[in-house]
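Bear in mind these aren't lab numbers, they're just calculated from the coordinates by the rules spelled out. Here the structure is a predicted model, which is why all the values come from computation and not from measurement. Heads up, the Cβs are rebuilt from the backbone with ideal geometry, glycines too, and the neighbour counts pull from every protein chain shown.
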Amino acid sequence: MYAEGRGVPEELEVAVHWFEQAARQNLVEGQFYLCLSYALGRGVARDRVTAYAWCRTAEKRGSQDAKESLVEISKLMRRREIKKAEQLAASIAESLGARPPVLLDTPSSARGENHPDSPS
């Protein structure tokens, strides 16, 4: 919503705040969008280590998008950065504890599929 300005002004910093709130509640989509925010520097300073850590967190919880992004982010990093990112990911996993991940099953109508304005 805030990331794209849907119904509210586009406020990337606010979007990142909500992505982080969702990520810390073990919502996989929040973890992935937080990864993208750090990877692209949208709403936060670009930080590949943090981006990698959140992508790894989402990937370990079943996100295929995060798995693909992790490959791309890692291509831009040095070994020592990846090692630091893996340590951060382990710390994040520990802070999430044994809570099961939450995957949203977004209905096709919410994704814009089958919408009259969607390309067929």
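Before moving on, here are some points about what is shown:
- Calculated FRET value between Gln87 and Arg24, using beta carbons and R₀ = 22 Å, to 0.05: 0.75
- Here the Kirkwood formula, the inverse mean of 1/r across different C-alpha pairs, assigns the stretch 12-95 a hydrodynamic radius of 12.1 Å.
- Ranked by the mean number of other Cβ atoms within 10 Å of their residues, highest first, the peptides 18-28, 52-62 come out as 52-62, 18-28.
- Projected label points at Asp65 and Asp47, each 7 Å from Cα along the beta carbon direction, are separated by 2.1 nanometres.
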